[in-house]
Structures are given as C-alpha cells and as structure tokens.
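Data first, discussion second: the structure below is written as structure tokens.
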Protein chains: 2
Amino acid sequence: MTANLAAAKAALSHLDLEESGAGLKAKSRDFFWYSPVLKARLDEVCADFVVSPRSEAEVIEVLKVCYAYDVPVTTRGAGTGNYGQAMPLAGGCVMHLRHMAAVKDIQPGRVVVEPGCLLKDLDAACKEHSVQEIRMFSSTWATATIGGFIAGGSGGVGSCTWGSLRDLGNIIRLRVVTMEEEPRVLEFQGEELARVSHAYGTNGIITEIEMPLAPAYDWVDLFVATDDFMDAARFAEELANEDGILIKLATVFEAPIAKDYFQRVAPHVEEGTNLIGLMVAPHSMDGFLTFLGRRPHARLIYRSDDHDWPRGPGMVFEYGWNHTTLRALKVDPSITYLQVRYGFPQHLELIEQMRDALSPEVLQHLEVLKENGKVMFAGLSLVKFTSEERLDEIIRLHEEAGAMIFNPHRYTLEEGGRQTVDDRQLAFKREADPKGLLNPGKMIAWDDPDWAYDRMYAYPKLRAAEYR
Amino acid sequence: MTANLAAAKAALSHLDLEESGAGLKAKSRDFFWYSPVLKARLDEVCADFVVSPRSEAEVIEVLKVCYAYDVPVTTRGAGTGNYGQAMPLAGGCVMHLRHMAAVKDIQPGRVVVEPGCLLKDLDAACKEHSVQEIRMFSSTWATATIGGFIAGGSGGVGSCTWGSLRDLGNIIRLRVVTMEEEPRVLEFQGEELARVSHAYGTNGIITEIEMPLAPAYDWVDLFVATDDFMDAARFAEELANEDGILIKLATVFEAPIAKDYFQRVAPHVEEGTNLIGLMVAPHSMDGFLTFLGRRPHARLIYRSDDHDWPRGPGMVFEYGWNHTTLRALKVDPSITYLQVRYGFPQHLELIEQMRDALSPEVLQHLEVLKENGKVMFAGLSLVKFTSEERLDEIIRLHEEAGAMIFNPHRYTLEEGGRQTVDDRQLAFKREADPKGLLNPGKMIAWDDPDWAYDRMYAYPKLRAAEYR
Ligand SMILES: Cc1cc2nc3c(=O)[nH]c(=O)nc-3n(C[C@H](O)[C@H](O)[C@H](O)COP(=O)(O)OP(=O)(O)OC[C@H]3O[C@@H](n4cnc5c(N)ncnc54)[C@H](O)[C@@H]3O)c2cc1C
Ligand SMILES: Cc1cc2nc3c(=O)[nH]c(=O)nc-3n(C[C@H](O)[C@H](O)[C@H](O)COP(=O)(O)OP(=O)(O)OC[C@H]3O[C@@H](n4cnc5c(N)ncnc54)[C@H](O)[C@@H]3O)c2cc1C
C-alpha cells in the first residue's frame, strides 16, 4: 500500500489545497514540543499537502479520494494539542478544518456547531444570542477549535463544576464521516459518543457537534495568596465544595511558580507565595468573600472587577491548565510537565506526599476537577527536565504512590491514557477506517495488537521530513 | 407587660386591618397539623388581629406601634410552614406580607424581590425577563412566599445541585427591620445573613431579598421504577453524581408509597414498586437516557415530554419534599413524618439500616441533597403514628444509629434544629427585639436559657383561643 500522492493532489486540486512552502511544515506541527521526549522524535514530521474543505461534502470528497489513493489523512483543528496528536506521522494529507466554523443553531442549553469553530468564537455567538456559553473549554480558548477539543482535549476551565468532557451529558451529539470507499455519515449519541471522543481523529472525522450550554456570566478573575502550600490546596478544594458558590476555575500553583514564571503577577508576590487562581460568578462574589473571610491565612491579591495593578494580569484562566507550562517554558526552557490524577478521597494526601518527595524538581500545579460528583485534583505538575530516565522514574514514583499518570510524553492514545486500548474506539476504527489511513501511528492496538508496553512505542512508519 | 390591643388596633386602623371573623383563625394557622403532636397542642392558637402592610414604611409603623403597646407580632408569608412557625402562640398581631410582593430588579444571576412574592410568581417574572429562575424552591412553590422560604424553609427542589438555602451564596442580601422604639432598617450580607435566615421572624422582619438565579429550563419530569429499594436509592445518588447531567430533583419513594398514596401514579405501578421522581434539564436528557440504559433494573415509566398516561401526574416535584407527606396524609390520616439527615459517606448504609429496622412502620422517602460538595440524602420518612412515646422512640433509634433528626414535632427553633440555640440569632434578637415581641415562644434560649432539653418544651404563655 503506497500512497499515490500525485493522483490524490490532482483529484483535490479544485479544493483549497496547499502543496508546498512553509505553511506545510507549520500545519504539520502542534505543541508536541512541550515534551522534550516528543521533540526529539517528531520535530521533522511533515505532511505532503494540506487541504482545507469548506463543507461536509468536501470532507467526504477528501476522504474518498485519499482512500482511493491510499493517502493517510490527519485532521487538524488549530494544532494546539500537546502530544503530537495532530501531527501526520506518516506524512500524506493534513485536512485542516478552519473553513468549517459555522455556528448553526443555538437553543436554551444547547448549540450545534461545525468543528472548525474557535472556542472563543463559539462562546461569543452563544453569549450574543442568549447570554449562554459552553460549559467548559481548554485554556487555549482563544486559539483552539471545538472539534479539536472534543477529539483531542479532556476538559479544562469549567471542569471544576461540570466534570470532564467525556462525562455523560457534556457532549450531546456528534456527526461523523468515515474513511471508506464510500464514506458514510453517522450520527452518534449516548454510548456511541465514546467511539470518537478523544480518539485523535483516528477513526472518523467529526463534521458537526451538539454541545450543552451553561449561562454566560461576567466571571470575576481572582488571585488569592497563601504562605503554606497545603493551605492553598485546601482552599481550592473547600471552595469547590461550596455548593452555593458558582465557580469556573480553581487552580493552585506551588511557590515559586507565581514569582518565577508569572511576569505580571511577580511584582505582587514573594518567592514563597503559593497562588490560587479563580473564576467566580459575579453573583457568587458575596458568598466567596464570606468564605474568604473565614480563612485569614488567605489573602486576596487581585480581583479583575476592582484592582489597582498598574498592569493587569490578563485572563486568569490563561495561567491555568496547560498555560502554566507554557509560561514556565518561556522563562526556563528546561521545564516540562506531567499530567497526574489525584483521585478522591486520597487526593490531598497524595499531593502532599508527591510534593514532599519531589519539590522543587517537580512543582505542584493543581486543577480542581469534579469526578463522579466529588472534588478532586488534576495535576499538571511542572517538571525540571534532566533526562528521559529521570522523567520515567518520576512517573514511576507517582504510580507507585497511587497517583495515576497520563503521560504527555507519548504520542499514542494508549500511552497517553490508561495503557490499554479503548475497545469501542478500536472496534469503530475497524469499521470506519478499514485501510488504517486516519491519523496513522496513534493507536498501538491497530498497528501492533501484541505490544507489551515495556518501552515507549515507536511507530515504524514514522516519516521524518528528511526522508521524503 | 400586658398588651394594649385596643390602642394598637386604633393606631393601625388606617392600614389593611382584620379584627375579627373566620379570617383571623385561618391566618393564625399553618401546616402544623402534619404533626399529631403539634396538632394536640396548637389547634386553638389564634391572633387578635391581622394587619397587612403595603410597604416597608407600613411594616415599620406596625412594629413601632406594637412595640409601644407591647403587642406580640408574628409575621406571615403564606402560612405553609410545618412547625407552627407562623402561629401566634401568644396571640397579638399577625403581620401578613401578601401586599409586599413586588419583583424589584432582575439582573444576570440575581433578583431583588419583596418578601411576600410567591415563589411561582418570582420564577415567572425571572423567566419572562431573561429565562432565569431561582436556584431552589420549596415544593410549596405554588403557594409559599420567598420571605417565608428564607425565614422558615431549608431547601428543596434544586438542593440536589445547589445545596441548602443557608449555604454560602444561596442568599445574597437581606433587608431587615427591627422591633424597637425606633425600628431600624439594616442590610445584611455575608456572615450577617445567618442572623435572620431560618429564624422564624423571631428577631427581625425581612423586607427585601436579593437571591442568586440559575438559568430556567423546561425541566423534564420523570418517574423511574425499580423492584429493589436500595437500587432506587443508588440510582438517585449515582445520577446526582453525574457532573455533566443537570438535574433539579431526585426523590426516592419506598414501596408501597407510590401505589398507596400517589393516586395518578398508582395505575402504573405495583405494590412492590419503588419510585424515583426526577427533574432533568432537556439538554441533559440524552445523557440521562445513556445513564438509564446502563441500569436495566430501572424502568422509565413516565416522562412529561413524551407519555401516554391518560391522566398526567402533574408536576413531579409536587410528589417530593413535604408533598409526599401531604399525599400520604390525605389517604391515611394516621401518617406523619420525620426529617432525617443521612450524611455522606454513611448515607446509604444508614438508610438501609433504618429501613431494615423500621419498615413498613417508617417508609423511606429520600431527597438527594448536596452538602459540602457531596451527594447525601435528606429523609422525609413517612411514619405510621401510634403514640408520642413510640414516635420519640423512633427518633431515638435514628439518633443512636447516627442519623440526625430535625424534629418536625416541635415548634421551637432549637428543638426543630440541633437542640442548641444559634448564638448569632440569639445575639441579634437581644439587639433587634429587646422586648421579645417577635414571634414569641419559638426561641427557647430567649425564654428559658437554662432549659435542659429533657422533654418537649411548652411555651408558658401559649394562649389558646378559648382563653381569650
Ligand atoms: C497552552 C496550552 C493549554 C492547553 N490547555 C488545555 C486544556 O485546558 N484542556 C485540554 O483539554 N487541552 C488543553 N490543551 C490541549 C489543546 O489545546 C486542546 O485540547 C484543544 O482543544 C485542541 O484543539 P485544536 O483545535 O488545537 O485541536 P488539534 O490540536 O488541531 O487537534 C487535536 C486532535 O483532534 C483531532 N481532530 C481535530 N479536529 C477533528 C475533527 N473534526 N474530527 C476528528 N478529529 C479531529 C486531531 O487530529 C488531533 O488528533 C492545551 C494546549 C496548550 C498548548
Ligand atoms: C406540602 C408542603 C411541602 C413543603 N415543602 C417544603 C420544602 O420542599 N422545603 C422547605 O424548606 N419547606 C417546605 N415546606 C415548608 C414551607 O412550605 C416552606 O418553608 C415555605 O417556603 C414557607 O413559606 P410561607 O410563605 O408559607 O411561610 P410562612 O409559613 O408564612 O412562614 C414561615 C416562617 O417564616 C416567618 N416569616 C415569613 N415571612 C417573613 C419575613 N418577611 N420576615 C421574617 N420572618 C418571616 C414566619 O413568621 C414563619 O416563622 C413544605 C410545607 C408543606 C405544607
């Protein structure tokens, strides 16, 4: 099975097609370079051409043509993913969905939208229409697409209230095109949603999305400081446990993250300051201030609706989730990160244990997350990278303690997840992508069902730019 | 200190005043008769006159005049309370707030309203204005006032998401008038709210309320049936733990409550059917149906948006909270009830234990409630009443097992609560009601600070109608 690239390009030439130039490389990359491990392996990955369909009909055409000519297709929203998710490991076609960005219908509590719509544009449309917004968004709200969020993301700002993206009720319906001789268009709801959510576009292309909405508020951004780190973690947890105080974000940063990496916050904190970043609904501010008043060890240092900082910090959520890593990286390029699950009810204990063992090599950055009705923490710990061996050892220390790791230094679904394939995703790939052309190299169970997970998986067909 | 009723009436004669007739008795009663214990004690309680002020200025006038002439004042919203809360134990004046029902201001996430506004009128105004509604309401939504809810209620429909009324953030601001020589008008926020919330109007009269709002949805009403009772309880808990499925009510009824007491449901269930009553947001119905599909032991027997019942059941919330007791009482006048707290994480265990020990004398009726971020249950158990001694014994059995009881067979704040005074309420009463004229007989700590709680408190000045 060798790709007939020339024939595919010719057949698609009437579409928005990019066959060469710097754009090709740029559109073949995502934020994989957050990981020194992936940077060493994927830096040269490049597509052969980029096509940007304008409609579902054109998506079908691209998939049909590439199927006929055995050309791999890697779909791209905005390429803000972190695990090389959107990188065309085997080259071929990058299908860029930026033209498919229409908000099609808004109703009380729900919206229907095309996948290429930016999260911020989606929110703007919903707010404008009926003062609504999406329940949760990636902190890359300003640049990422809703399709990429569903196919590659996991949750984010809003997950402290609504849980994770894949929890029941957080996606209502997905419309999906398969990659077969005659691509089919399928509508997924309920249990079927799991087939393609967070499947990296390995088994179908999402062309329409129905999502639940929440009311839009003029969220108040806040920074609260504590001297003791565990005080900060408890503050965030206890606030999230206040059922009557509506929040959209509760993030905890161990000292000296704020002083060292948050340029505009630094003048207002010390090296030893632990920071809590919050978004609170305006009508919950009174409740919040009462809560705060009961905790004299916690100091409110910034509120967006009333402050005297000569330079405001910008949006607080752009300090949280993976933006923390971004800010740290900009100051210290040797920083990378880990994704940790600190599950209820051991969460605080585990956090303390990991911090005692590893700080400051590993600095705690915590995100409040609801899981099965309980407040717990997702850790996006900052790691001072020294070697791959040491990174693996740090991971092992977490796992031994009982803190599950979602390894962001791997590009396969399995290694970034629970080390086993999602059977529903694999089964659907068999149906929907019989030639295995969709985002190849990302699903080990497809390429190498007997893989033992004893070392990092290396996709054998990984094609670097220099080999082309 | 003897009340000069004649002088007070004369001074208030230019207001809406009722001095005699059947109305006087009717406006002196509430739903105290749910309790056979209170029925035996309070049946004859009656006010000397009823005054219905039209404004805060008139409230001040009433309080000032009654203060001058030593006339007790018991405030009345709609008189739907259950513990004799609104009953003028010492006679005197009932101040009825029905004319003070204006919705003054609606903003995103908040409303300002007068106390006499019915919950349903408040919701209608908020929905009409900006598709909003109050976060939670008593199941007496159609008849009760917002002021009575705050001064006498605890939570209700919506508490499965937002917690209890007195949790931080569920009331924003209260405007309160004191009963002094010169009544003062105070504005309470934050910690001060606790002074008058659920204080039965014993230490100040609420004249304006600012409450948070949630988005209004066309909630889908549902009934789900199971054969096993604990399956039903787990279903309700697990649903409430689904962070992405938005619900407003989750109620569990042990068999044979549905068959015996729910007339319109009875044709659709068996004696052995345990019932779950739910309100689910329309955009969460897909998630809900997925959740349901995973539980083959649970049968959806009714959904308000799609059913073939010849006679619909009406609103599902009017089966829950204290409406369950009402429906049971109508069929079997010997039924009364208890209010139980089944706290996380022992809740399911405790429920099973109490049911094993006491069913069918005590039938489980559970309401999902959020407390400190956890799903737990409030029990409004149906009790087949035989004697006061047996009722006390049933209470003792609960308490010994660790299930806290809020005794609805007592008319004092302390005995209906945690058996101790709320110091903030007592302290504020000293300030705001120096003569002790506001709703007398409801705060033991005021009347008899050394009371030992070894038996039911009996207010010495309790005045029955025949003594007048
Ligand atoms: C600074 C920073 C912060 C971040 N914060 C968060 C966060 O808070 N939460 C979070 O979940 N993630 C976060 N991420 C990761 C990423 O930004 C988000 O997941 C984002 O939503 C991805 O959207 P995108 O449009 O960039 O997707 P892309 O990166 O373009 O694509 C992501 C994956 O989805 C696939 N895909 C895209 N569109 C489709 C489609 N229509 N059909 C099928 N497959 C498709 C791609 O092939 C790829 O595998 C962060 C990343 C960075 C760099
Ligand atoms: C069938 C049934 C179901 C019920 N369900 C619930 C439920 O789900 N949740 C719940 O919490 N309760 C419930 N209740 C109790 C009661 O209906 C509610 O608490 C209701 O909100 C009370 O409102 P009301 O206007 O009838 O108040 P009232 O009974 O008139 O007053 C209640 C108390 O508040 C005081 N008060 C009233 N207005 C003011 C004011 N402006 N300032 C100061 N004090 C004031 C009164 O003096 C009295 O002590 C139920 C009762 C029944 C009979």
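The values are calculated or read from the model by the stated rules, or taken from the named source; none is laboratory data. Quick caveat, the model's predicted, so the values are computed rather than measured. Here the Cβ is made from the backbone with ideal geometry for all residues, glycine too, and neighbour counts use every protein chain on show. These area figures cover heavy atoms from the full protein model, side chains too; ligands, DNA and RNA do not enter into them. Shrake-Rupley method; radii C 1.70, N 1.55, O 1.52, S 1.80 Å.
Provide the buried accessible surface between chains B and A in square angstrom, both chains summed, 1.4 Å probe, rounded to the nearest 100.
Adding both sides of the contact gives about 3300 Å².
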Response to the item:
Probe 1.4 Å, all chains present, heavy atoms only: residue A:422 accessible area in Å², nearest 10, is 50
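To the nearest 20 debye, what charge dipole does the stretch A:342-385 have about its Cα centre, counting +1 at the Cβ of each Lys and Arg and -1 at the Cβ of each Asp and Glu?
About 120 debye.
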Fill in: Relative frequency of Cα-Cα separations exceeding 19 Å in the stretch A:178-275, percent
63
Practice prompt. Quick one: dipole size for chain B, taken about the Cα centre, charges +1 on Lys/Arg Cβ and -1 on Asp/Glu Cβ, in debye to the nearest 20.
Written response: 700
Practice prompt. State the Cα centre-to-centre distance between the stretch B:304-323 and the stretch B:105-146 in whole Å.
Written response: 22
Fill in: Residue-normalised accessible area of the stretch B:7-138, given per residue in Å² at a 1.4 Å probe
33
Worksheet item: Measuring from centroid to centroid over Cα atoms, what is the spacing of the stretch A:244-261 and the stretch A:382-396 in Å?
Response: 24
Practice prompt. In whole angstrom, note down how far apart the Cα centers of the stretch B:71-94 and the stretch A:182-220 are.
Written response: 55
Discussion item. Run the label-point distances for residue A:434 please: 7 Å along Cα to Cβ, every other copy, nanometres, shortest first.
Written reply: 9.2
Worksheet item: If the stretch B:260-370 were replaced by its equivalent ellipsoid, with semi-axes equal to the square roots of 5 times the Cα gyration tensor eigenvalues, what would those be, largest first, whole Å?
Response: 24, 20, 13
Worksheet item: Hey, what did the stretch A:375-468 get for relative contact order, percent, Cα under 8 Å, at least 6 apart?
Response: 19
Item to complete: Could you please state how large a percent of the accessible area of the protein assembly as shown is carbon and sulfur, counting protein chains only and using a 1.4 Å probe?
Response: 49
Discussion item. On a 1.4 Å probe surface of the protein chains, which of A:336, B:140 comes out largest in accessible area, and what is the full order?
Written reply: B:140, A:336
Practice prompt. In debye, nearest 20, what is the charge dipole magnitude of the protein assembly as shown about its Cα centre with +1 on Lys and Arg Cβ and -1 on Asp and Glu Cβ, if you could check?
Written response: 1040
Worksheet, complete the sentence: With the 8 Å Cα cutoff and a minimum separation of six or more residues, chain A has a relative contact order in percent of 17
Worksheet item: Nm distances between the label at residue A:108 and the same-position labels in the remaining copies, 7 Å along Cα→Cβ, shortest first?
Response: 1.8
Practice prompt. Determine the per residue accessible area of the stretch A:409-452 with all protein chains present and a 1.4 angstrom probe, expressed in square angstrom.
Written response: 40
Discussion item. List, by residue number, every residue in the stretch B:214-250 with a reduction of 50 Å² or greater in accessible area between the chain on its own and the complete protein assembly, 1.4 Å probe.
Written reply: B:217, B:241, B:243, B:244
Fill in: Residue of chain A whose Cβ sits closest to the axis mapping A onto B, with distance in whole Å
A:215, 2
Discussion item. Using +1 at the C-beta of Lys and Arg and -1 at the C-beta of Asp and Glu, which of A:350, A:292, A:329 has the Cα lying farthest in the positive direction of the dipole of the stretch A:249-373?
Written reply: A:292
Response to the item:
Shortest first and in nm, the label-point separations between residue B:129 and its counterparts in the other identical copies (7 Å out along Cα→Cβ) come to 2.5
Item to complete: Go through A:9/A:435; B:330/B:374; B:27/B:461; B:259/B:330; B:25/B:442; B:27/B:120 and tell me which ones have a Cα-Cα distance over 25 Å in this structure.
Response: B:330/B:374
Practice prompt. At q = 0.08 Å⁻¹, work out log10 I(q)/I(0) for the protein assembly as shown with the Debye formula, treating every Cα as an identical point scatterer and leaving solvent out; two decimals please.
Written response: -0.81
Discussion item. Sort B:248, B:27 by heavy-atom solvent-accessible area, probe 1.4 angstrom, most to least.
Written reply: B:27, B:248
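Enter the accessible area per residue of the stretch A:284-387 (Å², integer; probe 1.4 Å; all protein chains in place).
I get 40 Å² per residue for the stretch A:284-387.
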Fill in: Heavy atoms of residue B:348 accessible to a 1.4 Å probe, total area in Å² rounded to 10
40
Worksheet item: With every protein chain left in place, what is the accessible area of residue A:234 in Å² (1.4 Å probe, nearest 10)?
Response: 90
Discussion item. With a cap of 14 neighbouring Cβ atoms within 10 Å, and only residues DSSP puts in a loop, list the chymotrypsin sites (Phe, Trp or Tyr not before Pro) found in the stretch B:398-455.
Written reply: B:453
Worksheet item: Of B:404, B:179, which has the most accessible area and how do the rest follow, probe 1.4 Å?
Response: B:404, B:179
